[in-house]
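Q: Pasting in a structure now, in structure tokens, and then I'll have a few things to ask.
Please treat every number below as a calculation from the coordinates, not as lab data. Predicted model, so just to flag it, every value in this text is computed and none were measured. Ideal geometry is used to build each Cβ from the backbone, glycine not excepted, and the neighbour counts take in all protein chains shown.
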Amino acid sequence: MKQILVINPGSTSTKIGVFENELQIHGVSLHHSTEELTKFTEISDQRWFREKAIIDWLVEHSVNLDSLTAIVARGGLLCPIPSGTYAVNEAMVHDLELGLYGKHACNLAALIAYDLSQKLNIPSFIVDPVVVDEMSPLAKISGTPGIKRASIFHALNQKAMAKKVAKILNRPYAELNLIVAHLGGGISIGVHQQGKVVDVNNALNGDGPFSPERTGTLPTTELIRYFFSKDFSTDTLIKRFSSKSGLVAHLGTNDSRVIVERIQAGEEKAQFYFEAMAYQIAKELGRAAAVLEGSIDSIVLTGGLAHSNKLTTLIKEYIEFLGPVIIMPGENELKALALGALRVLTGSERAAEYSPRGGEFMPKGRVIVHQERCKECSLCINSCPYSVLGFSKGINSKGFHPVEPMYPEKCTGCTLCAVICPDVVLTIERI
Ligand code: SF4
Ligand code: SF4
């Protein structure tokens, strides 16, 4: 019997579960108050506070830490990687600690899991983080060189539900063509072609249908006008588009149950925007069907919003002609994580090694130095997580030794150096 601790932090809570093989024997959502969290400047500073809260709860509920076989954590914002279960290693901890690919509370999970697993001398894993990237090269191209379409979606639930459907259909996941729509606060619609998500809308950053909280795809010219019409900061707009748009902006609530009640009470406005969201979801499903050239084994509607019979009925009216629709409401992230770890512990899957600088999906950058502008301040050298940069022996016309890439092969293209340089000396090309 394998006993597995599962850790899944959100912005104001940390969900934990204890599993014996597939069976959950403990589960709790530990709430952290604003007063507790505002003490920390950076999200990563919450690591030890949250770890202590987890240990205290386990001890209080008589869970013997020494009886744990493994710890599995929700994957954070990492370098884009293929789907699977990954052993937490130092490279992963490094990237999460620095927030190299973004900062979010989910980054804490693997940090806590790694620390506990070191103390207990057991393995720790992550499973299918949101940055799972199996997109085809064609799907990544946008119409603007320098802006790529990225794979950021509900990989954990999409993969878990797709594999569940494969079991129901009694066929290997790797042979199926599925379209999986995760319907939640954010909405992602993934094209699962023979075991790989070859295309998906970026569920976080304004791509695809609008959702209860997110804006979805916007017309570019209008977006630019909107941005410059007021004194918006970039952060304000990103927050607005990712968490304060969609239904909550139109109707003042992101709770579909409340909206359905308002529709039933005869509110036309609620009916209109709810139908508009269903329409956009259906349209995105149609786009996904085109990727599969219409060869679809099943369309899966999942996530919390799939509990809404009204929404799934509206969507089905549009897309049922495309193929059989299966509704699998909800998401059980804790169980999906436990199952991912169990597959490795029982030998049915090998744990992948996270290696942002050595893997097939390794991001790479080329640093271009405008030497004449450099004032030798060394800010960029100190900011580079991979010690790529140093000062050249040559001197520019102002008498400074300009920066040059000493280890160009180590550059991930993270752009930290270019962002920090006050004199716009550095340009990073993604290669
Ligand atoms: S982009 Fe700049 S900071 Fe990032 S790895 Fe390359 S040289 Fe270092
Ligand atoms: S490139 Fe910019 S940040 Fe780096 S040393 Fe030169 S002036 Fe300073």
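Q: Stretched out fully, how many nm does the piece from F272 to I327 gain, at 0.36 nm a residue minus the Cα gap?
A: On the way: separation 55, 0.36 × 55 = 19.80 nm, distance 2.33 nm.
Once the chain is fully extended between F272 and I327, it gains 17.5 nm.
Q: Give me the one-decimal nm value for the distance between modelled label points at K244 and R171, 7 Å along each residue's Cα-to-Cβ direction.
A: For the pair K244/R171, the computed spacing is 4.6 nm.
Q: Taking neighbour counts of Cβ atoms within 10 Å as a proxy for exposure, in what order, fewest first, do M1, M328 appear? All intermediate terms of the calculation are to be shown ahead of the outcome.
A: Details: M1 7, M328 18.
Listing M1, M328 from fewest to most nearby Cβ atoms yields M1, M328.
Q: Within the set of other residues whose C-beta is less than 11 Å from the C-beta of I428, count the net charge using Lys and Arg as +1 and Asp and Glu as -1.
A: On the way: positive: K364, R366, R430; negative: E429.
Its environment carries a net charge of +2.
Q: Find the cysteines in the chain that fail to meet the 4.7 Å Cβ criterion with every other cysteine, and list them.
A: C79, C106, C374, C377, C384, C411, C414, C421 - these cysteines have no disulfide-compatible partner (Cβ-Cβ under 4.7 Å) in the chain.
Q: Just to be sure I understand the model, the point goes 7 Å from the Cα along the line to the Cβ. What's the resulting S229 to E36 distance in nm?
A: Result for the modelled spin labels: 4.2 nm.
Q: Still on this structure, I have one more. How would the chain be classified by its alpha-carbon gyration tensor: rounded, prolate or oblate, with rounded meaning a/c under 1.5 and the a/b versus b/c comparison settling the rest? Working shown, then result.
A: Details: a/c = 1.61, a/b = 1.22, b/c = 1.32.
Oblate shape, in that a/c is at least 1.5 and b/c is the bigger or equal ratio.
Q: Is the range 365-430 best put as rounded, prolate or oblate by its Cα gyration tensor, with a ≥ b ≥ c the root eigenvalues, rounded for a/c under 1.5, and otherwise prolate when a/b is larger than b/c, oblate when not? Mind dumping the intermediate values first?
A: Numbers: a/c = 1.76, a/b = 1.55, b/c = 1.14.
Prolate is the answer for the range 365-430, as a/c is 1.5 or above and a/b outweighs b/c.
Q: Read phi for every residue in the range 276-283 and hand back ³J(HN,Hα) as whole Hz from Karplus 6.51 cos²θ - 1.76 cosθ + 1.60, θ = phi - 60°, with x for Gly and Pro.
A: 5, 5, 4, 4, 5, 4, 4, 5
Q: Which GluC sites (Glu not before Pro) in the range 246-354 pass both tests, a DSSP loop state and at most 15 other beta-carbon atoms within 10 Å?
A: Numbers: sites: E261, E267, E268, E275, E284, E293, E317, E320, E331, E333, E349, E353; in loops: E267, E293, E331, E349.
Hits after loop and neighbour filter: E267, E293, E349.
Q: Take F391 and R430, extend 7 Å from each Cα along the Cα→Cβ direction, and tell me the distance between the two endpoints in nm.
A: Going by the 7 Å Cα→Cβ label model, 3.3 nm.
Q: Within a 10 angstrom radius of the beta carbon, how do K239, K410, K393 rank from fewest other beta carbons to most? Mind dumping the intermediate values first?
A: Values: K239 12, K410 16, K393 7.
Taking fewest neighbouring Cβ atoms as first place, the list is K393, K239, K410.
Q: What ranking do Y86, Y114, Y279, Y173 get, fewest neighbouring Cβ atoms within 10 angstrom at the top? Walk me through the numbers on the way to the answer.
A: Details: Y86 25, Y114 21, Y279 14, Y173 18.
By the 10 Å Cβ count, ascending: Y279, Y173, Y114, Y86.
Q: For n ≥ 4 DSSP H runs only, could you compute -39500 (n - 2.57) per run for the chain, divide by its residues and tell me the 222 nm figure to the nearest 500? Walk me through the numbers on the way to the answer.
A: Numbers: 14 runs with 148 residues, N = 431.
Computed ellipticity for the chain at 222 nm equals -10500 deg cm²/dmol.
Q: FRET efficiency for N64 and N21, Cβ-Cβ distance as r, R0 = 25 Å, nearest 0.05? All intermediate terms of the calculation are to be shown ahead of the outcome.
A: Working: r = 17 Å, r/R0 = 0.67.
FRET efficiency, N64 to N21: 0.90.
Q: Go through the range 312-320 residue by residue and turn each phi into a ³J(HN,Hα) via Karplus (6.51, -1.76, 1.60, θ = phi - 60°); whole Hz please, and just put x for glycine and proline.
A: Working through the residues one at a time gives 5, 5, 4, 5, 4, 4, 7, 10, 4 Hz.
Q: Lysine pairs in the range 155-330 8 or more apart or on different chains: how many have alpha carbons under 19 angstrom apart?
A: Value for the range 155-330: 11.
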